[in-house]
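Coordinate-derived values only; no laboratory data. Keep in mind that what you see is a predicted model, and the values were worked out from it rather than measured. Cβ atoms come from the backbone with ideal geometry, glycine included; neighbour counts cover every protein chain shown.
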């Protein structure tokens, strides 16, 4: 069944408000207002956020978010979907990406998959097939279960994943609390009880772990890593890194390089 067919069928049914608070979160990126409206109507079991351009989508993804899957149109005004694909993957590596297009061609499909999109769908969308793809990708990533039915331990795991996937962004206790529908004060207390570490300390440790990875695997300069991890200045980053590792970032990089070299010999 296509979107147009389902829309006609839905028009005969009294509208009902779905509770999408605890649903998987989708980002629909398409410059066609009518298509976005019809998509939301046909897939109202999901929490759908809209972006009318690739640029708008990138601005959304630069901020803390809990988006599970992105539907990305190929041809849009301004930046194309294929141009945005690598940028989106860099900002939200945990989110699945489905490329959609009305201009079917083997070349587009190959380029989309080469850009590490998980799936490729053609317009007009087949509702059943599209839903099957969405459900399969969400299932593969899990972590989108109904929060209201989760235990406290499950919620704390979700908070930890939220911190990890947004470690390159400025996130707060309030942002994390919103993802699991707890008050910030309660989350702060229960998070420390469950993890043995305060929210801020856990976030800092994740940042430093990511810094170690970048020092070991990239040629980024120290100030570039500091900026990438959203530190206000390089001095703050170096001070915090040394506090947790007893080494400056430069010393750590040298030590890691020597260790890697000796393990190869």
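Each peptide in 25-38, 174-187 gets a packing score, the mean of other Cβ atoms within 10 Å over its residues, and the list from highest to lowest is 25-38, 174-187.
Most tightly packed first, judged by the mean number of other beta-carbon atoms within 10 Å of their residues, the peptides 188-198, 76-86 read 76-86, 188-198.
As a rough guide to protection, the peptides 118-130, 47-59, 228-240 ranked by mean Cβ packing within 10 Å, highest first, stand as 47-59, 118-130, 228-240. Can you compute the FRET efficiency between residue 32 and residue 246 using 1/(1 + (r/R0)^6), with r the Cβ-Cβ distance and R0 = 45 Å? Round to the nearest 0.05. So the FRET efficiency works out to roughly 0.25. Note on 168, 241, 202: ascending count of other Cβ atoms within 10 Å places them as 168, 202, 241, the fewest first. Compactness ratio for the range 148-264: Cα radius of gyration over 2.2 N^0.38 Å (N = residue count) comes to 1.21. Available extension along the chain between residue 254 and residue 45 is 70.1 nm, counting 0.36 nm per residue and deducting the alpha carbon span. When the alpha-carbon atoms of the chain are used, the pair Rg, Dmax equals 21.3, 72 angstrom. For the chain, the longest principal axis of the Cα atoms and the long axis of helix 127-141 meet at an angle of about 20 degrees. Against the longest principal axis of the chain, how steep is helix 199-217, in degrees 0 to 90 to the nearest 10, with axes from Cα atoms? On a 0 to 90 degree scale, this one is about 80.
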